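The values are calculated or read from the model by the stated rules, or taken from the named source; none is laboratory data. On a predicted model such as this, the values are computed, not experimentally measured, just so you know. Quick reminder, even Gly has a Cβ in these numbers, built from the backbone with ideal geometry, and neighbours come from all protein chains shown.
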Amino acid sequence: MNSDATNTPEESLVEAESPLIDPAKAEALFAQLVKQQNLPLGLLAGFVAAVLGGLAWAAVTIVSGYQIGWMAVGIGFLVGFAVRLAGKGLTKSFGFGGGLLALLGCLLGNLLAVCGMLAQELQQPVLSTTLQIVLNPPAAIELMKMTFSPMDLLFYGIAVFEGFKFSFRQIDDSELNAMLG
């Protein structure tokens, strides 16, 4: 396989190392796979996963009383898997979308967790406290700044990497041989 990083997925698919792969069949298969791609659907699924992951992060943090940074890893995986499953993407554009949505899910989870803990501290209902903060973007940004930890960057980075990595399909020679039968 050509190791040139500028290869498109089609070129990588066609230039497979295995001598058993017919380039014409590989091109036809790739054309079928490209037709199956759906970036908007993948991004929509990733958005839903990011919101659900953020809600789960907040719930775990509020119930446990601890902000567990590893939840970001779960969000990255969840978002990436949703984008790949729904979008059936082969290109890095799916990965970039998945990475961005994973970051969004982490930020949402952090914000909602802080809102929930603040509500508990003030002995106020979580929903009304959260709405007051979320509907006031300057207050939300200030609250995120006040509760920011440099460790957050590590977990956000891992989530973005996983959101990127899991958002698109990478077909190796064995899978290609199996598809071509």
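A single entry from ALA139, ALA102, ALA113 fulfils the requirement of being more than 18 Å from GLN67 (Cα to Cα) and part of a helix (DSSP H, G or I): ALA139.
Residue-by-condition table, conditions (1) within 14 Å of PHE155 (Cβ to Cβ); (2) more than 14 Å from the chain's Cα centre (by Cα):
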{"site": "ALA59", "(1), (2)": "no, yes"}
{"site": "TYR66", "(1), (2)": "yes, yes"}
{"site": "VAL73", "(1), (2)": "yes, no"}
{"site": "GLY80", "(1), (2)": "no, no"}
{"site": "LEU101", "(1), (2)": "no, no"}
{"site": "GLN123", "(1), (2)": "no, yes"}
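Write out, first by first residue and then by second, each pair whose Cβ atoms fall under 6 Å of each other, whose residues are 6+ apart or on separate chains, and whose first residue, in the stretch 33-59, is surrounded by fewer than 17 Cβ atoms within 10 Å (Cβ to Cβ) while the second is in a helix (DSSP H, G or I) and among the aliphatic types (A, V, I, L, M). Between residues of the stretch 33-59 that are surrounded by fewer than 17 Cβ atoms within 10 Å (Cβ to Cβ) and residues that are in a helix (DSSP H, G or I) and among the aliphatic types (A, V, I, L, M), the close pairs are LEU41/ALA86.
When restricted to residues that are without any contact (Cβ under 8 Å) to a residue 12 or more places away in the chain and not acidic (Asp, Glu), the stretch 75-127 contains 6. Report yes if PHE168 is of a type outside the set (Ser, Thr, Tyr), at pLDDT 95 or above, surrounded by 12 or more Cβ atoms within 10 Å (Cβ to Cβ) and over 15 Å from MET71 (Cα atoms), otherwise no. No, not satisfied.
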